[in-house]
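Accompanying notes for the structure given below.
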Amino acid sequence: MKRDCAPGSTPAPPANGVDGQLTGLLTGSAWCGFTYNKHTGTSSTERVVFHGNGLVSRSTGTETYNSGAAGSVAGQYAGGEQGRWRVANGTLQLSEDGMNWVPLPLLITRNSNGAPIIKADGREYMQCH
């Protein structure tokens, strides 16, 4: 199976079994996460897209609110990054350079409506709408 496709090249055919199911789940939609810190008033959003060509893109946004003697101050920050992804032996693997791969353990559950929830790296992600 071809694991490292250049942008615009033909992606590898979908894997079968568990790898195929995980690949289908990841590429089926964008994945969104949200956190809010009630003590600081900071909220963070994250959107992750697993592209069929082996690229993964992550965009983030943060809003901060601070109050003090001088009044309230709000700030917004945005960022993003891109890397490579693959599924092997039922495990998601990520790489910044396409050569050095790091496994990312995933826990996949379902919410009360039956929609999948992915827990990874201490965060929860749901399908974006």
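Hey, what angle do you get for helix 17-27 against the long axis of the chain, alpha-carbon based, 0 to 90 degrees rounded to 10? For 17-27 against the chain, the angle is about 40 degrees.
Cα-based radius of gyration for segment 29-89, normalised by 2.2 N^0.38 Å, reads 1.53. With the helix formula -39500 (n - 2.57) applied to DSSP H stretches of n ≥ 4, the chain reaches a computed 222 nm mean residue ellipticity of -2500 deg cm²/dmol. Expressed as a whole percent, the accessible surface of the chain that belongs to carbon and sulfur atoms is 52, based on a 1.4 Å probe. Efficiency by 1/(1 + (r/R0)^6): what FRET value for Leu104 and Tyr65, r their Cβ-Cβ distance, R0 = 35 Å, to the nearest 0.05? Here the calculated transfer efficiency is 0.65. At a probe radius of 1.4 angstrom, the accessible area of segment 81-129 per residue rounds to 69 square angstrom. Here the dipole of the chain is about 220 debye; that uses its Cα centre as origin and unit charges on the Cβ of Lys and Arg (positive) and Asp and Glu (negative).
For the chain, the relative contact order works out to 20 percent when only alpha carbon pairs closer than 8 Å and six or more residues apart are counted.
Between Lys119 and Gln76, the distance separating the two model label sites (each 7 Å from Cα on the Cα→Cβ line) works out to 3.3 nm. The chain gives an Rg/Rh value of 1.06, both radii derived from C-alpha positions and Rh following Kirkwood.
Projecting the Cα positions of Ser59, Thr27, Gly41 onto the charge dipole of the chain (unit charges on Cβ atoms of Lys, Arg, Asp and Glu, taken about the Cα centre) puts Thr27 furthest along the positive direction. 7 Å from Cα along Cα→Cβ at both Leu94 and Cys128: what's the point-to-point distance in nm? Label-label distance for Leu94 and Cys128, simple model: 1.5 nm.
Peptides 24-35, 68-79, 100-111, ordered by how many other C-beta atoms sit within 10 Å of their residues on average, highest first, read 24-35, 100-111, 68-79.
The values are calculated or read from the model by the stated rules, or taken from the named source; none is laboratory data. Note that the structure is a prediction, hence the values are computed from the model and not measured. Cβ atoms come from the backbone with ideal geometry, glycine included; neighbour counts cover every protein chain shown. With ligands, DNA and RNA removed, areas are computed over all heavy atoms of the protein, side chains included. Shrake-Rupley method; radii C 1.70, N 1.55, O 1.52, S 1.80 Å.
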